[in-house]
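See below for the structure under consideration.
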Amino acid sequence: MLESALSSQRPALTSDDELSARKKSLTTLGRHYPHRKWVFMLGLMLALSVVMSLVFCRGCSVMSEDFLVTFGYNFFYTTGLWLANGFPSEWLNRRVDWTIQPIKRFLITLSMSLVLSLIVILIVTTGFNVWYHHRPLSSITWRPFVMPLLITVVVSLFLHSRSFLLSWRDATTQAERLQKENAQAQADSLRRQLDPHFLFNALNALTSLVEENDPARASRFIRQLSQVYRYVLDSQEQEVVPLGEEIRFAEAYLYLQQTRLGEGVQVEMSLPAAALETLLVPPLAVQLLLENALKHNATSQRDPLRIRVELNQDARTLTVRNNRRPRRLPEGESTGLGLKNLQARYAFLTSQPVRVEQTETDFWVVLPVLELH
């Protein structure tokens, strides 16, 4: 059930990629063949002008003078207003971004639309009155411009509001995609926390078991080491895994560390078995916290490092707590990015934060656990 639910998310990424590729190919086609856009838009203006002429000139013959004059009005108006609103908008898209400066862009767009639309209305109306109706310029008043300008304002507001919403949607989609890619990169970084130092220490511990002639423990050690790396490989394509799988992986990891450190590490787990398979966490989240506890604290049999892993079912949180036995780390051994990456991964999955708290004696991290709906 979990695998099918998680795998169902992957085709969406594929479809997004295909959609992006199609948009890119259409954009490239538009760049290579810009005349196609002109032909399409002029055809649309002609069709719209014909329809409007048929509506406004009912009963007129298609070849009559009244119909042709009405068609001329409509065609020059629609084409002129398209040019006055379309091209300035494209020009502004390259200079003033809707998502960065929305108010400035809106005011500039509205101002340009009104001025250019007024110029178009003035030229078309004056041209027909002077050259077709043979009226003197002095007889032309402001009243014929009011209604076309109001209609232009309404249509322009609608079109530019749509452009703003589409730009905002594209920006949001791109931001989500970048966030997802960033979270995936951080997840890959977390998976590489099982670095050669861990393998080097594990092989040294295995060598000691062989030299001690303890084949049973050596055999179990090898199985646990294999389980650790198998889990890392199996979980690399998953955003979340059942808590039960993560805990079994953590137990295998702890077995390897306890074999090497002996009684210097004591671990207590308070985890209701019934909840482990229904709750989810990002893969390697618990292991990261265990590794941090082992890396930043000294261990000894006289004063062991105590780690407690506890699940709160009511609060839907998992707490990993350890007593503080700070030790000085060699330069370059700790980058300080592990917890930050984990917090970034959780920020992509849920609004609940990862809490990191400490006192003079204890350090603990509270992880939200997720549910499969």
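The values are calculated or read from the model by the stated rules, or taken from the named source; none is laboratory data. In this text the structure is predicted, and so the values were computed from the model without any measurement. Counting neighbours? That spans all protein chains shown, and the Cβs are built from the backbone with ideal geometry, glycine included. Surface accessibility is based on the protein's heavy atoms, side chains included, excluding ligands, DNA and RNA. Shrake-Rupley method; radii C 1.70, N 1.55, O 1.52, S 1.80 Å.
Points to keep in mind about this one:
- Once the C-beta distance of A274 and R308 is scaled by a Förster radius of 22 Å, the resulting FRET efficiency is 0.65 to the nearest 0.05.
- Label point at E371 placed 7 Å out along Cα→Cβ; residues across region 304-321 whose backbone nitrogen lies under 12 Å: 313-317
- Here the gap between W168 and E211, fully extended at 0.36 nm per residue and compared with their Cα-Cα distance, gives a gain of 8.9 nm.
- Ordering of 102-113, 74-85 by packing is 74-85, 102-113, highest average first (other Cβ atoms within 10 Å, averaged per residue).
- Only protein heavy atoms count here; under a 1.4 Å probe, E310 has an accessible surface of about 80 Å².
- Close amide-amide hydrogen proximity is noted between T317 and N312, V369, each under 5 Å apart and 5 or more residues distant or on a separate chain (H modeled in the peptide plane; Pro and chain starts excluded).
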